[in-house]
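*Asks:* Just passing along the structure, written as structure tokens.
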Amino acid sequence: FTFHSASNEALKSLYLLGCAYRDLHEAPIALLTWEDAIVAADTTAADCDFAILFRVYGQMADIYFRQYLPEKELEARGKYCKYALQAGDTLNYVQGLIKRNDAHLSLGDTAAIFASIKTAQELCEKLGLDDEKAISSLMAIRLTLDKNDFQRAGEMMQDFEQESGLFDDNGNIASGREIYYYDKGRYFAGTGQLDSAENQFRKLLSFEDCRIDACHSLLFLFQYQQRTDSILKYTLVYEQALASYLT
């Protein structure tokens, strides 16, 4: 039994205690407990449990995200990445890079997002992390659409559909990634291909998690086209989807 192992035990115990407070919806106490865990960690020790330490920062970052504190979230995500790398956990390091973009987005720093995505994608390619590469690719496509750079977005979408391995022979994306139809619909709408945009948004209606986005997008499209009957129908459908989500 050594001082360093005692330090690791304290780190682990305080981490778990903080998680218990988090589950009780006591976020302030959870954060204070995790701060104590960080103090307990001896990062100069050869046997420091970096695997627990980066998880402490990850939990803190999640709370900062929910509390809309992007500066604090960004700082915590940075430490998450740093200690994940020291723990030899490249998967969580890459996931941390991707999650860090939530804070960059809140701060309006798109340059940092694209730089982070580039780093993450290079690592994903090298390590064969297909799921993480897909997540980062989808984020890059969405941000490019947000900038109304439809030519570049179209090129990125073509590469994504050809290289990701997520699509079947009929062009349907793998389960859990259906929100991509929303982005593809936005692309078609932005390039004046309104029938194709409508087809993509209608695809979303079949997926409960995407239903609000589908209804809102269709309603906006029909308003643009001045299709009165469809506007009336989808105003009601959109209200019903919102009510279902909020109950």
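*Asks:* Report yes if Phe114 is at pLDDT below 90, part of a helix (DSSP H, G or I) and at negative phi, otherwise no. It would help to see each step written out before you state the result.
*Replies:* On the way: at pLDDT below 90: yes; part of a helix (DSSP H, G or I): yes; at negative phi: yes.
In short, yes.
*Asks:* Check segment 177-200 and report whether any residue there is open to solvent by less than 40 Å² (accessible area, probe 1.4 Å) and outside any helix (DSSP H, G or I).
*Replies:* Yes: segment 177-200 contains one or more residues that are open to solvent by less than 40 Å² (accessible area, probe 1.4 Å) and outside any helix (DSSP H, G or I).
*Asks:* Something else: Mind telling me which of the residues Gln158, Gln223 ends up being without any contact (Cβ under 8 Å) to a residue 24 or more places away in the chain and closer than 30 Å to Leu129 by Cα?
*Replies:* Numbers: Gln223 fails: closer than 30 Å to Leu129 by Cα.
None of the other options fit; the residue is Gln158.
*Asks:* Kindly indicate whether Leu14 is touching a Ser or Thr at 6+ places or on another chain (Cβ under 6 Å) and touching a residue at least 24 places away in the same chain (Cβ under 8 Å).
*Replies:* Values: touching a Ser or Thr at 6+ places or on another chain (Cβ under 6 Å): yes; touching a residue at least 24 places away in the same chain (Cβ under 8 Å): yes.
Yes: the conditions hold for Leu14.
*Asks:* Only one of these conditions is not met by Gly128: (1) open to solvent by 70 Å² or more (accessible area, probe 1.4 Å); (2) modelled with pLDDT under 90. Which number is it?
*Replies:* (1)
*Asks:* Now a separate question. Scan segment 108-136 and report the pairs whose first residue is in contact (Cβ under 8 Å) with a residue 40 or more places away in the chain and whose second residue is open to solvent by 30 Å² or more (accessible area, probe 1.4 Å) and hydroxyl-bearing (Ser, Thr, Tyr), with Cβ atoms within less than 8 Å and a gap of 6+ or a chain change.
*Replies:* Correct list of pairs: Ala134/Ser164.
*Asks:* So which of Leu53, Leu31, Leu11, Leu97 ends up being touching a Gly at 6+ places or on another chain (Cβ under 9 Å), part of a helix (DSSP H, G or I) and open to solvent by less than 30 Å² (accessible area, probe 1.4 Å)? First the steps, then the outcome.
*Replies:* Values: Leu53 fails: touching a Gly at 6+ places or on another chain (Cβ under 9 Å); Leu11 fails: touching a Gly at 6+ places or on another chain (Cβ under 9 Å); Leu97 fails: touching a Gly at 6+ places or on another chain (Cβ under 9 Å).
Of Leu53, Leu31, Leu11, Leu97, the one residue that is touching a Gly at 6+ places or on another chain (Cβ under 9 Å), part of a helix (DSSP H, G or I) and open to solvent by less than 30 Å² (accessible area, probe 1.4 Å) is Leu31.
*Asks:* Taking the criterion of being within 23 Å of Lys184 (Cα to Cα), modelled with pLDDT under 95 and assigned to a helix (DSSP H, G or I), would at least one residue in segment 59-75 satisfy it? Give the derivation first.
*Replies:* The first filter runs over segment 59-75 and keeps only residues within 23 Å of Lys184 (Cα to Cα), leaving none.
No: segment 59-75 contains no residue that is within 23 Å of Lys184 (Cα to Cα), modelled with pLDDT under 95 and assigned to a helix (DSSP H, G or I).
*Asks:* Here's something else I'd like to know. Can you find, within segment 74-88, the residue that is nearest to Asp149 (Cα to Cα) among those that are open to solvent by less than 50 Å² (accessible area, probe 1.4 Å) and in contact with a helix residue (DSSP H, G or I) (Cβ under 6 Å, 6 or more places away or on another chain)?
*Replies:* Within segment 74-88, the subset open to solvent by less than 50 Å² (accessible area, probe 1.4 Å) is 74, 76-78, 80-81, 83-84, 87.
Filter again for in contact with a helix residue (DSSP H, G or I) (Cβ under 6 Å, 6 or more places away or on another chain), leaving 74, 76-77, 80-81, 83-84, 87.
On the way: Leu74: 27, Ala76: 32, Arg77: 29, Tyr80: 33, Cys81: 31, Tyr83: 36, Ala84: 35, Ala87: 39 Å.
Applying the filter and picking the extreme gives Leu74.
*Asks:* Pick from Leu69, Leu53, Leu85, Leu127: which is under 26 Å from Ser175 (Cβ atoms) and more than 15 Å from the chain's Cα centre (by Cα)? Before you say what the answer is, go through the steps one by one.
*Replies:* Details: Leu69 fails: under 26 Å from Ser175 (Cβ atoms); Leu53 fails: under 26 Å from Ser175 (Cβ atoms); Leu85 fails: under 26 Å from Ser175 (Cβ atoms).
Going through Leu69, Leu53, Leu85, Leu127 in turn, the sole match is Leu127.
Here's the yes/no breakdown for (1) touching a helix residue (DSSP H, G or I) at 6+ places or on another chain (Cβ under 7 Å); (2) more than 24 Å from Val94 (Cα to Cα):
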{"residue": "Ala134", "(1), (2)": "no, no"}
{"residue": "Glu161", "(1), (2)": "no, no"}
{"residue": "Asp183", "(1), (2)": "yes, no"}
{"residue": "Gly190", "(1), (2)": "yes, yes"}
{"residue": "Phe201", "(1), (2)": "yes, yes"}
{"residue": "Ser217", "(1), (2)": "yes, yes"}
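*Asks:* Only one of (1) within 20 Å of the chain's Cα centre (by Cα); (2) surrounded by fewer than 16 Cβ atoms within 10 Å (Cβ to Cβ); (3) closer than 17 Å to Leu242 by Cα fails for Arg211. Which number is that?
*Replies:* (2)
*Asks:* Here is a list: Leu69, Leu91, Leu107. Which entry is under 23 Å from Leu145 (Cβ atoms), touching a helix residue (DSSP H, G or I) at 6+ places or on another chain (Cβ under 9 Å) and not polar (S, T, N, Q)? Spell out how you get there, then give the answer.
*Replies:* Numbers: Leu69 fails: under 23 Å from Leu145 (Cβ atoms); Leu91 fails: under 23 Å from Leu145 (Cβ atoms).
Testing whether each residue is under 23 Å from Leu145 (Cβ atoms), touching a helix residue (DSSP H, G or I) at 6+ places or on another chain (Cβ under 9 Å) and not polar (S, T, N, Q) leaves just Leu107.
*Asks:* Only one of these conditions is not met by Glu71: (1) closer than 30 Å to Gly108 by Cβ; (2) open to solvent by less than 60 Å² (accessible area, probe 1.4 Å). Which number is it?
*Replies:* Answer for Glu71: the failing condition is (2).
*Asks:* Confirm whether Leu16 is part of a helix (DSSP H, G or I), open to solvent by less than 20 Å² (accessible area, probe 1.4 Å) and at pLDDT 95 or above. I'd like the intermediate steps shown before the answer.
*Replies:* On the way: part of a helix (DSSP H, G or I): yes; open to solvent by less than 20 Å² (accessible area, probe 1.4 Å): no; at pLDDT 95 or above: yes.
It is false that Leu16 is part of a helix (DSSP H, G or I), open to solvent by less than 20 Å² (accessible area, probe 1.4 Å) and at pLDDT 95 or above.
*Asks:* Continuing with the same structure: Out of Asp62, Asp36, report the one residue that is closer than 29 Å to Leu123 by Cβ and surrounded by fewer than 21 Cβ atoms within 10 Å (Cβ to Cβ). Steps first, answer last, please.
*Replies:* Working: Asp36 fails: closer than 29 Å to Leu123 by Cβ.
Testing whether each residue is closer than 29 Å to Leu123 by Cβ and surrounded by fewer than 21 Cβ atoms within 10 Å (Cβ to Cβ) leaves just Asp62.
*Asks:* Would you confirm, using the coordinates I've provided, whether Ile173 is touching a Phe, Trp or Tyr at 6+ places or on another chain (Cβ under 8 Å) and more than 27 Å from Asp130 (Cα to Cα)?
*Replies:* It is false that Ile173 is touching a Phe, Trp or Tyr at 6+ places or on another chain (Cβ under 8 Å) and more than 27 Å from Asp130 (Cα to Cα).
*Asks:* Report the residue count in segment 122-139 for those that are in a helix (DSSP H, G or I) and over 18 Å from Tyr180 (Cα atoms). Give the steps one after another, and end with the answer.
*Replies:* Narrowing segment 122-139 to residues in a helix (DSSP H, G or I): 122-127, 130-139.
Those still in the list that are over 18 Å from Tyr180 (Cα atoms) too: 122-127.
Number of matching residues: 6.
The values are calculated or read from the model by the stated rules, or taken from the named source; none is laboratory data. Everything quoted here is computed from the prediction, not taken from an experiment. Counting neighbours? That spans all protein chains shown, and the Cβs are built from the backbone with ideal geometry, glycine included. For accessibility, only protein heavy atoms count, side chains too; no ligands or nucleic acids. Shrake-Rupley method; radii C 1.70, N 1.55, O 1.52, S 1.80 Å.
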